[in-house]
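First comes the structure, then the notes that go with it.
Please treat every number below as a calculation from the coordinates, not as lab data. Predicted model only: the values in this text are computed from it and were never measured. Cβ sites come from the backbone with ideal geometry, for glycine too, and all protein chains shown count toward neighbours.
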Amino acid sequence: PINPARKLQSFLTWRGSDCKVFNVGKYRRHAAEGACDANFFDTKNSAASNLREKVASLALEDMLKWLDEPFENDANGNGAPSFRKDRVGIFDATNSTKARRDWVLRECTDVVKRAGKTTGVVFVESICDDEELLRENYRTKMSNSPDYKDVDPEKAMADLLDRVKKYEEAYETIDDDSKSYIKIFNLSSKILVNHIYGRMAKSIVPALMAWNIGTRPVFICRAGQTMNEFD
């Protein structure tokens, strides 16, 4: 129903952070020269698996380069930054296996590759077993994903369900309590946090808890005149 990465980007940008989403799906469609059907996500498809790993690596590399970019210099040109925002990169991918998450953590925190570039990593896992939420999420995915542009709705739904099954075959929930992670259940009906420290990480939790599914009316009331205005 909502895109967690984009929603989180909007929140962090609103609170003053420099935030950017690196969506692996975009890299994948570019490398594959178009949309991919469910067979592309089959773990037995070695060629597709290799391509998925390649595009994930490219996206992560771009994210780390962006995180390391210098801040703008001040007007005096003395080399000192005029201000320094928090900079947050969102690696938007399924990251559904322990091996993938371990790789992400290694790449972001490697003491040799990332020497002098401290980077905190927080994993966010969204777990949903509510059938109504799932159906709404599927409909939103079909409507917005470039993978299903101009595809017959019935065929798109069948392919999406097949893709989900292939994800489930390889899926491993986060259970390593040495990692920093946030688990959201059914879009914030329940939330579990582990090793969440620091101002930035802690600010994410209430935002995730406040998200709602779907659309709803918003009423804005303007106060009428009062006697005090005429005094």
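Other residues with beta-carbon under 11 Å from the beta-carbon of Val88 carry, at +1 per Lys or Arg and -1 per Asp or Glu, a net charge of +2.
Legend: Rg and Dmax of the chain, from Cα coordinates, 21.1, 79 Å. Once the chain from Ala47 to Asp62 is taken as fully extended at 0.36 nm per residue, the excess over their C-alpha distance is 3.1 nm. Only lysine pairs 8 or more places apart or on separate chains count here, and in region 139-189 those with Cα atoms under 25 Å apart total 11.
What net charge do the residues around Arg135 carry, taking every other residue with its C-beta under 15 Å from that of Arg135, with Lys and Arg at +1 and Asp and Glu at -1? That works out to -4. Per-residue extension of 0.36 nm, minus the Cα-Cα distance of Lys26 and Lys190, leaves a gain of 56.0 nm for this segment. In plain terms, the bigger the Kirkwood radius, the slower the diffusion; for region 124-231, with that radius from Cα pairs, at 20 °C and 1.002 mPa s, Stokes-Einstein puts D at 121 µm²/s.
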